[in-house]
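These notes concern the structure reproduced below.
Nothing in this text is a laboratory measurement; each read-out follows from the coordinates by a stated rule. Nothing here was measured: the structure is a model prediction, and the numbers come from that model. Glycine also receives a Cβ, built like all others from the backbone with ideal geometry; neighbour counts cover every protein chain displayed.
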Amino acid sequence: MKIEYTLLKKEKNSDARLGKLKTNYGTFETPMFMPVGTEATVKTLSVEEIKDVHAGIILANTYHLWLRPGEDIIARAGGLHEFMHYDGPILTDSGGYQVFSLARPKDITEEGVHFKNHLNGDPLLLTPEKSIEIQNKLDSDIAMSFDECIGYPATREYVEKSVERTLRWAKRGLQVHNNPNQSLFGIVQGGEYEDLRRHCVEELVKMDFDGYSIGGTSVGEDKPTMYKMVSYATKYLPSDKVRYLMGVGDPIDIIENVMRGIDLFDCVSPTRLARHGHAYTKYGKINIKNSKYKDDFTPISIDCDCYTCKSKYSKAYLRHLIVANETLGARLLSIHNIRFLIHLTEDLREAIKNDTILAYKEQFIKDYYHT
RNA sequence: GCGGAAUUGGUGAAGUGGUUAACACGCCGGAUUGUGGCUCCGGUAUGCAUGAGUUCGAUCCUCAUAUUUCGCC
């Protein structure tokens, strides 16, 4: 069965949407933040801990799992859910982002993208067909089209050419996709150009994907530009399909883009920041390594309902764990940070129900930037 | 007691008779956006054991003192 998106309510003062996404592995409400589990693990968290932060869905990565352990091993295990012992919804990224982070422009051809295996240096070719074929075998609930994620700034000429290629790649992927239990999303590119974003949306909608993502953001542009890019896409996307903004996870960005009609987000930041000793709080991001926390025996946040805060692990102890490079520190902070972002989406859903998102945003920003 | 060697920041240390004393770790900050899992970027010795001398100029040469260390009685 494919996913089913139901639009439950639109907020009065913005384009924010409350929705419901039904998958073979469970139903959850949107907006929702997806924790990133690149290597079939949300780094440092057990499956029970992923559930405990109320993650509706998680993300894994085609490129990484292709290289190691290989999609055939995962297929033999019974698919990604069985393999990683996780019975909730999973979305797989296509490897398109690795085009941006690993490849050089000359490595991109019509056929696909030439990489060097980052593990052993072997030359690799990832094509739209190959990416979809791997994702079919991984048996995730949602697969992504293989796209070219371009950086910012990029010339209009380049973006034009790249969007057309991304569209051809989307079509090629769609043609080989053959997993009836897996949905497939198209990815909107087009840089900062409204007509190109619009064109990309219109062509993707003609191909009739199960959902749509917006890519090519958080690649070096400033916030106003990112928000414009999102609006240029959501403006033309069909309201009966779910929308996913890729790679965005800054709290303020989540609020701003929910208000522009985004339903799903993912970002490595909560887990990466945790490993490097940072914690989100209502009053801004803190660096737990700062010496002022050396003898602060209070939890990160008294009104946080995450395991770490509820258990009253103190800042002094967390600081010690991070400074001593103990994995428990990364784990406790990851739990806190992911829960913080998911809690944020819960608050936003509530605000959509009550049509109070403008006031919510104003108060959040006031607190977050220390009034 | 006699003789030798050593003494550079929080630590391990490099270094030179002449502008800002290398590097590493630590420490103090910052960064991080569809994760190439111990990453990246800053800051961190107004001073080279102490005192005196030689010199235009000494962390570097000389002497004394202190401390450490090795050997001998």
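A few remarks follow.
- Nearest-0.05 FRET efficiency for A:Y283 and A:D195, computed from C-beta distance (R0 35 Å): 0.25
- Kyte-Doolittle mean at least -0.5 and Cα axial length at least 18 Å: DSSP H helices in chain A: A:327-354
- Zone residues, region A:82-123, relative to A:K51, backbone N less than 20 Å from point 7 Å out along Cα-to-Cβ: A:82-91
- The charge dipole of region A:29-143, taken about its Cα centre with unit charges on the Cβ of Lys, Arg, Asp and Glu (plus for the first two, minus for the last two), comes to roughly 440 debye.
- Counted charge near A:K315, where neighbours are those whose Cβ lies closer than 12 Å (Asp, Glu -1; Lys, Arg +1): +3
- Förster radius 56 Å - calculated FRET efficiency between A:D87 and A:E157 (Cβ-Cβ, nearest 0.05): 0.75
- Only beta bridges with both residues in chain A are counted; by DSSP, about 45 percent of them are antiparallel.
- Cα-Cα over 18 Å, subset of A:K171/A:K228; A:K282/A:K310; A:K289/A:K366; A:K292/A:K315; A:K9/A:K353; A:K43/A:K223: A:K171/A:K228; A:K289/A:K366; A:K43/A:K223
- Positive-end extreme of charge dipole, region A:4-267 - chosen from A:I132, A:N257, A:S94 (charges on Cβ): A:N257
- Residue exposure sequence - A:M144, A:M34, A:M1 - by fewest surrounding Cβ within 10 Å: A:M1, A:M34, A:M144
- Listed from fewest to most Cβ neighbours within 10 Å, the set A:M229, A:M207 follows the order A:M207, A:M229.
- From least to most packed, judged by other beta carbons within 10 angstrom and beginning with the fewest, A:W169, A:W66 follow the order A:W66, A:W169.
- Over the residues of chain A, the helix contribution to mean residue ellipticity at 222 nm works out to -12500 deg cm²/dmol, using -39500 (n - 2.57) for each DSSP H run of at least 4.
- Taken about its Cα centre, chain A carries a charge dipole of roughly 760 debye when the Cβ of each Lys and Arg holds +1 and the Cβ of each Asp and Glu holds -1.
- Amide N of region A:142-172 lying under 20 Å from the label point, which is placed 7 angstrom from the Cα of A:K206 along Cα→Cβ: A:145-148, A:159-172
- Charge context of A:M34, other residues only, Cβ under 11 angstrom, K/R +1, D/E -1: -3
- Packing-based ranking, highest mean first, of A:292-300, A:241-249, A:312-320 given that Cβ atoms within 10 Å are counted: A:241-249, A:312-320, A:292-300
- A:D367 paired with A:N120, simple spin-label distance in nm, labels 7 Å along Cα-to-beta-carbon: 5.0 nm
- Each listed q (0.10, 0.14 Å⁻¹) maps to a log10 I(q)/I(0) for chain A from the Debye sum over equal C-alpha point scatterers, namely -0.62, -1.22.
- Potential lengthening of the chain between A:N290 and A:M1 amounts to 99.1 nm, from the contour at 0.36 nm per residue minus the alpha-carbon distance.
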